[in-house]
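Engineer: Provided herewith is a single structure, encoded as structure tokens, for subsequent inquiry.
The values are calculated or read from the model by the stated rules, or taken from the named source; none is laboratory data. Please read these numbers as outputs of a predicted model, since none were measured by experiment. Ideal geometry is used to build each Cβ from the backbone, glycine not excepted, and the neighbour counts take in all protein chains shown. In case anyone asks, the SASA skips ligands and DNA or RNA and just uses the protein heavy atoms, side chains included. Shrake-Rupley method; radii C 1.70, N 1.55, O 1.52, S 1.80 Å.
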Amino acid sequence: INKTDILYMIKYLFVSIVIAPLIEYIIHRGLHIIKNKTHKNHHIEVYQDTNKIEYVPLIIALVCYNIKWNLVCFGFLQYWLIHTLIHFYPTFLPKVIVDNHNRHHNNHWKSFAVSNPYIDVLFGTNI
């Protein structure tokens, strides 16, 4: 491993832990503010236990990959994977992440962070 590889890994780690969760939080909270119908349907599906895998983040990731926005692609893939695991395979993730998101489904104006609950603590939206 050379210096460039290490810097590359540090950059992706920073995006994974800081940047992607922050953007994810802003987008998620924004979807609630604008009362996005697709997102509202997701909440209804969860409540009715008819939840489906969402494809929009995968499409965005694919577009980002094709235009060489690799870090953005990585962020959307991270979100998609964690969100999918929360709803379909919750035992694969730390309980704190799953519990935070489940609390969001019980109180739609709190706990917007999906992949890293510390963002909710930072913004005072944690339950």
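Engineer: Could you give the accessible area per residue of the chain, probe 1.4 Å, as a whole number in Å²?
Structural biologist: Working: 8400 Å² over 127 residues.
That works out to 66 Å² for each residue.
Engineer: Can you spot the aspartates and glutamates whose alpha carbon is less than 16 Å from Lys68's alpha carbon? Ignore those fewer than 8 places along the same chain.
Structural biologist: Of all the aspartates and glutamates, none pass the test against Lys68 - Cα under 16 Å, at least 8 places apart if same chain.
Engineer: How big is the dipole moment of the chain about its Cα centre under a simple scheme where the beta carbon of each Lys and Arg is +1, that of each Asp and Glu is -1, and everything else is neutral? Debye, nearest 20, please.
Structural biologist: Values: 11 positive and 7 negative charges, 49 e Å.
Using only the charged Cβ atoms, the result is roughly 240 debye.
Engineer: A follow-up question, please. What percent of all Cα-Cα pairs in the chain falls into each 10 Å bin, going from 0 up to the bin containing the maximum distance?
Structural biologist: Here the calculated profile for the chain is 12, 41, 34, 10, 2, 0.
Engineer: Excluding Thr84 itself, calculate the net charge of residues whose Cβ lies under 13 Å from the Cβ of Thr84, where each Lys or Arg counts +1 and each Asp or Glu counts -1. Please list the in-between numbers first.
Structural biologist: Values: positive: Lys52; negative: Glu54.
Counting the neighbours of Thr84, the net charge comes to 0.
Engineer: Given points 7 Å out from each Cα along the Cα-Cβ axis, report the Leu85 to Leu13 separation in nanometres with one decimal.
Structural biologist: That separation, rounded to one decimal, is 1.8 nm.
Engineer: Can I ask one more? Ignoring ligands, DNA and RNA, what percent of the accessible area of the chain is carbon or sulfur (1.4 Å)? List each step's numbers first, then the result.
Structural biologist: On the way: 5740 of 8400 Å².
After summing per-atom areas, the C and S share lands at 68 percent.
Engineer: At a Cα cut-off below 18 Å, give the aspartates and glutamates reachable from Lys95, other chains included and same-chain residues fewer than 8 away excluded.
Structural biologist: Qualifying aspartates and glutamates at Cα under 18 Å: Asp120.
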